[in-house]
Amino acid sequence: MEAIPERNGHSRTDSRTAPHGRLSPAPRPLPVSPRETVTVDDVGALGDRLRAAVLGAVRMPADVLEVVLATVLAGGHLLVEDHPGVGKTQLARTLARTLDGRFARVQATVDLLPADIVGANVWRADTGAFEFRPGPVFANVVLVDEINRATPKTQSGLLEAMEERQVTVDGESRPLPSPMVVIATQNPAAGYDGTYPLPPAQLDRFLALVSLGYPSAEQEMELLRAGPEPAADAVTDPARLLAAQEAVTEVHAADPLLRYVVELLAATREHPLAEVGASPRAGLLLLAAARARAALNGRAFVLPDDVQALAQPVLAHRIQRTGAAPAGAAREVVEDAVRRVRAR
């Protein structure tokens, strides 16, 4: 491998795959063909194909898959909190295959640097100039494994990429491929040393938090029969997914439903176990996910059922419990809000 000097005087190895999932040489943003018109019925049909493709390769609960697909179609990012070996990485790889997009994986460690994720300018001796080498975030599906093992500085390096869909290196902003979804995993905090809990500002960038859990006995039998990682076929492409995401934004949400969302948010803020309740941004993301769920089911309008089904995965990780509250207080806050607030 050829060592290439960087501006800080250190050297970087020039290889196809560098440590921590760095891609080198860096791919350019994927070209996207002109967008086609997609209707809500088309989104529902796409949802059926995505469900079949994902469930053929990943053993997971159907309700969790609905949250995953709603997150993707709403243009959001997903946080998966679970134990090792339950299929988190396979879920991300399968989604990338079904979307026919570029996949990149980052293994978070304490020595991972922000440049290992977003990219850096490196010196090219043959041209006598610096060249930008994009990091793994320049992909359609980015898996950040064990994100809570990265330092807070590195975790914050994802903020701009996730929120603004761009990265800024040495004062120059560069757009990311579109669509782009980050799927981050983290181990449960209890019993694991060397972890850095995500701060509220970072958690707020994830539209939903889910847990895959262990498969049922029958699903585990099927997994053993099939062997590791069954193949999944592409059922769409980045251009069609972008068109589907645009169609989702047109799903109608009536004023009474908007009022219902507002009252749910208010109920979380007034709960005695909540130090900080759900923010207005949480309401926007909950509505976006509810629109996606409605479209996945072939509806051009949002029902309270859509909001209720997504309230827990979208709101709970955004709620900061009081110091005396038990560990599961955030989920209890959302459950109480859904139970007490009536849909009109």
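The values are calculated or read from the model by the stated rules, or taken from the named source; none is laboratory data. The structure displayed is predicted, hence computed values, not measured ones. Positions of Cβ are backbone-derived with ideal geometry, glycine not excepted, and every protein chain shown enters the neighbour counts. Heavy atoms of the whole protein, side chains included, go into the accessibility calculation; ligands, DNA and RNA do not. Shrake-Rupley method; radii C 1.70, N 1.55, O 1.52, S 1.80 Å.
Remarks
- Count of region 100-117 residues which are within 30 Å of ALA53 (Cβ to Cβ) and touching a strand residue (DSSP E or B) at 6+ places or on another chain (Cβ under 8 Å): 9
- Of all residues in region 66-75, those being open to solvent by less than 10 Å² (accessible area, probe 1.4 Å) and not hydrophobic (A, V, I, L, M, F, W, C) number 1.
- If the condition is being outside any loop (DSSP other than H, G, I, E, B), at pLDDT below 90 and open to solvent by 10 Å² or more (accessible area, probe 1.4 Å), then region 150-172 contributes PRO152, LYS153, SER156, GLY157, LEU159, GLU160, GLU163, GLU164, THR168, VAL169, GLU172.
- When LEU143, LEU159, LEU113, LEU95 are checked against the criterion of being out of contact with any Asp or Glu (no Cβ under 9 Å at 6 or more places or on another chain), farther than 22 Å from VAL314 by Cβ and not β-branched (Val, Ile, Thr), LEU113 stands alone in meeting it.
- Checked against the criterion of being under 27 Å from LEU284 (Cα atoms) and in contact with a strand residue (DSSP E or B) (Cβ under 6 Å, 6 or more places away or on another chain), the candidates LEU79, LEU91 yield just one match: LEU79.
- Residue within region 82-93 that is at pLDDT 90 or above, open to solvent by less than 10 Å² (accessible area, probe 1.4 Å) and under 14 Å from the mean Cα position of the chain (by Cα) present: no
- Selection count where residues are within 13 Å of LEU209 (Cα to Cα) and basic (Lys, Arg), scope region 298-344: 2
- A Cβ distance below 8 Å, combined with a sequence gap of six or more or placement on separate chains, defines the contacts here; from region 317-336, residues that are touching a residue at least 60 places away in the same chain (Cβ under 8 Å) reach residues that are open to solvent by 80 Å² or more (accessible area, probe 1.4 Å) and not in a helix (DSSP H, G or I) in the pairs GLN320/GLU275; VAL333/ARG321.
- Filter pass, PHE130 being open to solvent by less than 30 Å² (accessible area, probe 1.4 Å), over 13 Å from ALA108 (Cβ atoms) and more than 13 Å from the chain's Cα centre (by Cα): no
- The helices (runs of 4 or more DSSP H) falling completely within region 264-344 that include 3 or more residues that are touching a Gly at 6+ places or on another chain (Cβ under 7 Å) and within 24 Å of PRO61 (Cα to Cα) map to 280-296.
- Among the conditions (1) under 27 Å from THR236 (Cβ atoms); (2) not in a helix (DSSP H, G or I), the only one that PRO188 does not satisfy is (1).
- Odd one out for PRO177 among (1) exposed (fewer than 12 other Cβ atoms within 10 Å of the Cβ); (2) at pLDDT 85 or above: (1)
- Test: residue in region 95-109 that is touching a His at 6+ places or on another chain (Cβ under 7 Å), open to solvent by 20 Å² or more (accessible area, probe 1.4 Å), not in a helix (DSSP H, G or I) and not hydroxyl-bearing (Ser, Thr, Tyr): yes
Residue-by-condition table, conditions (1) touching a strand residue (DSSP E or B) at 6+ places or on another chain (Cβ under 9 Å); (2) in contact (Cβ under 8 Å) with a residue 40 or more places away in the chain; (3) closer than 27 Å to LYS88 by Cβ:
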{"residue": "GLU218", "(1), (2), (3)": "no, no, yes"}
{"residue": "ASP237", "(1), (2), (3)": "no, yes, yes"}
{"residue": "LEU242", "(1), (2), (3)": "no, yes, yes"}
{"residue": "VAL261", "(1), (2), (3)": "no, yes, no"}
{"residue": "GLY283", "(1), (2), (3)": "no, no, no"}
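- Considering only residues in region 250-273 that are under 25 Å from the mean Cα position of the chain (by Cα) and among the hydrophobic types (A, V, I, L, M, F, W, C), the one that is most open to solvent (accessible area, probe 1.4 Å) turns out to be VAL262.
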